[in-house]
Amino acid sequence: MPDIDFNKPLTEMQRKQLITRAESINVNTLAGYVLAGQIDLDRDLPKLSTERRNVIITMRQNQPNPAEQRQWRDIQALLPLLNTPITDPNDPAATEQLQQLLRQLENYIRRWEAERPNQNHVDEANQYYIRTEDAIRAHQEAVEEADWQTIDFLSRASLTEYLQKYPQTTHKQDIDDSLWQLTDQEDVNDVKEYLRLLPDGAHQQEAHNILTEVTGWQQVKDTNDVFAVNDYIRDHPHSSFIQQAELLRLSLKQSEIKTMREDPNRYEVDRLKKLLTDKIISENELYNAKVITPSVFETLMTTDILNDLPDIRKAIASSKPDCQEGYTDVFFFGVPSTGKTCVLMGLSRSQALRINLAHGGGDYAAALQQYTDAGITVPRTPGTFVTTLAATVTSQQRTNAFHKINLVEMSGEEFAFSIANNEQHVFTFEDMGSGATNLLKNNNRKVFFLIIDPTANVVRINREHITSYDEMTGKPIVELEWCVVNQRTILQKMVNLLENPSNAEIMKKVDAIHIIVTKSDTLGGPVEREERAFKIFEEKYRSDILEPLVELCQEYNINAPTHFHPKLYTFSLGTFYVGGIYEYDQTDSNRLVKAIRNSTEAVKKSGFWDKLKDKVN
């Protein structure tokens, strides 16, 4: 019998003829087509005789299955992949080929594991299946490691994408830690996003704690108050926000120091004491920041203004305006809170000037001296307060001569209200009803100083104002009167007031008019403050004040030694520190005393022969 190629595909007609003649053709030929898979024994030959069926089954059991052999040959063609080293992890073809081998092994095992034909390769297939899984795993690890080398640890998107791509990655802990570091732990939504990505993450307990604590911390944080933050740190030492709280406390502390440095006069002493008591700031930090000195610190901690210093109200009540005849009266004009009283405080302790404490304003002068010694500014003077401090200044050229002066202290509200609320268009000092009117009308020579505060443009002031009298008791009914004044406008009106012909008799007695820029310690160092003060005056006051003032001086022969031009002086009590405490420096005060001396007449001291002559006469 010629050799038959049982694997050569049969036509449909050939298959039908084989099936029809199954009982008559050679049983070996029939078995060959069955074994080759061209004919299915059960499906195509259900009525085949038992004898022939048993022969074919026996042959099938004792011979390799061509279909199994064919399927195995296809698998063998891919097995060399298991020994191929990984050269390019990012090559998708290599992974796909291994996946194809795994699928074919899986199909082979599923098809032949139960039947196991003669000379089958099922056991080999199981071994190769395990090796293929290992190869795929190794390849995936290589691919993952290549991606890991390019990951951006500062990008949440990059980390999240990697985690989603490799959910079983061996780098999960590193990703977890990196994502937690990128989480804004003060942002509830950010913390919730971390829990969404890693519900079982290493920091999930911290995240849950934060969500519990965040509301309380956010409330404290929003106060932006160093004391509230400090209390939070003290009461929540194990809070998840303790680091943020400490950083915020440090930042707020620096802000407090900056405020002390930039505006020491307005910084509250009680606040500073609380900062020290709560240990938010130390003495050394205050010294290093140069917002305080040991002597000023001692004053702050030990001086009781109510008990250690004179009652300024009593001193004011016991003082009275009394200009000594034959003296030169020195007036200081300016809006409230410009530093007029500070000028008097400085003058009261100048070694170039001697105040008569037995005079009408002696009690007030003594109080000013004690406040100056303590480095504490006095409270604002009442709206109707006027007094005079009698003083003498030794002549610089003649040791046997001195200058007699009356320093006039009057509240800034007096003139500010009268000038700002000038509904009746009053332009004489007398008609203004001021307590200083009589002093201005006396026969003494006079020196005027116009006070300018470089730190303020608009000032809101108030004073007690008698509106009517009670019909039953006759007592005055006092109400608080408010007024908003513009410093530049008030000074311009003041100059216009001086220009008015109705005040000519007063102006004929004026020897000098000068300008003082107070609070000059806010303008920088000694040289810098002079330049800045002059620049401020030039920019804001020259056209409205200086030019008409020079014309006024020419008209009344005022400021003759300076060619009718007023001089500009800067003034500060000294170096100011936190709480408005200062270390007195008489430099500026001595300069003002010199200016007063140069603007007044010297009087010869009475010697022995002068006294004898007076006695004889």
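The values are calculated or read from the model by the stated rules, or taken from the named source; none is laboratory data. As the structure is a computational prediction, the values presented were derived from the model and not from experiment. Neighbour counts run over all protein chains shown; Cβ positions are idealised from the backbone, glycine included. Ligands, DNA and RNA are excluded from the accessible area calculation, which covers all protein heavy atoms including side chains. Shrake-Rupley method; radii C 1.70, N 1.55, O 1.52, S 1.80 Å.
So here's what we get for this one:
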read-out: Reachable lysines from Lys535, criterion Cα separation under 21 angstrom, eight or more residues apart if same chain; value: Lys519, Lys567
read-out: Anisotropy class of the stretch 3-47 from Cα gyration tensor, a/c 1.5 cut; value: rounded
read-out: Computed over the stretch 73-150: relative contact order in percent, which uses C-alpha pairs under 8 Å that are six or more apart; value: 40 percent
read-out: Subset of Lys320/Lys493; Lys441/Lys594; Lys340/Lys446; Lys404/Lys446; Lys404/Lys594 violating a 19 Å alpha-carbon distance limit; value: Lys320/Lys493; Lys441/Lys594
read-out: Full-extension gain in nm, Asn557 to Lys192, via 0.36 nm per residue minus C-alpha separation; value: 123.2 nm
read-out: Distance histogram in 10 Å bins (all Cα pairs of the stretch 207-340, percent per bin); value: 9, 27, 23, 18, 12, 6, 3, 1, 0
read-out: Label assignment, P(r) over Cα pairs in 20 Å bins from 0, in percent derived from the structure, set (i) 16, 36, 25, 15, 7, 1, 0; (ii) 14, 27, 16, 12, 10, 9, 9, 4, 0, 0; (iii) 16, 39, 33, 11, 0; value: (ii)
read-out: Shape call, the stretch 513-610: gyration tensor on alpha carbons, a/c limit 1.5; value: oblate
read-out: Helix-only mean residue ellipticity at 222 nm for the chain, each DSSP H run of n ≥ 4 adding -39500 (n - 2.57), per residue, nearest 500; value: -15000 deg cm²/dmol
read-out: Principal axis box of the stretch 64-158, alpha-carbon based, largest edge first, Å; value: 61, 23, 16
read-out: Cross-link reach list, lysines versus Lys274, counting only Cα pairs under 27 Å and skipping chain neighbours closer than eight places; value: Lys221, Lys253, Lys258, Lys290
read-out: Share antiparallel - DSSP beta bridges, the chain, percent rounded to 5; value: 55 percent
read-out: Förster-model FRET efficiency, 60 Å R0, Thr587 and Thr87, C-beta, rounded to 0.05; value: 0.10
read-out: Dipole magnitude of the stretch 262-381 about its Cα centre (Cβ charges: Lys, Arg +1; Asp, Glu -1), debye to nearest 20; value: 160 debye
read-out: Expected-Rg normalisation [2.2 N^0.38 Å, Cα atoms] applied to the stretch 312-365; value: 1.18
read-out: The chain, relative contact order in percent, only Cα pairs under 8 angstrom and at least six apart counted; value: 11 percent
read-out: For peptides 95-102, 54-61, 385-392, sequence by mean Cβ density within 10 Å, most packed first; value: 385-392, 95-102, 54-61
read-out: Segment Arg380-Asn457, extension gain: residue separation times 0.36 nm, minus the distance between their alpha carbons; value: 25.9 nm
read-out: Whole-number accessible area per residue in Å² for the chain, which is evaluated in the context of all protein chains at 1.4 Å; value: 55 Å²
read-out: Gln69/Gln99 FRET efficiency (R0 22 Å; Cβ-Cβ; nearest 0.05); value: 0.35
read-out: All-pairs alpha carbon distance profile, the stretch 164-285, 5 Å steps from 0, percent; value: 2, 10, 17, 17, 13, 10, 9, 8, 6, 4, 2, 1, 0
read-out: Cα-based reach from Lys273 at 13 Å (exclusive), listing aspartates and glutamates while leaving out same-chain residues under 8 positions away; value: Glu256, Glu283, Glu298
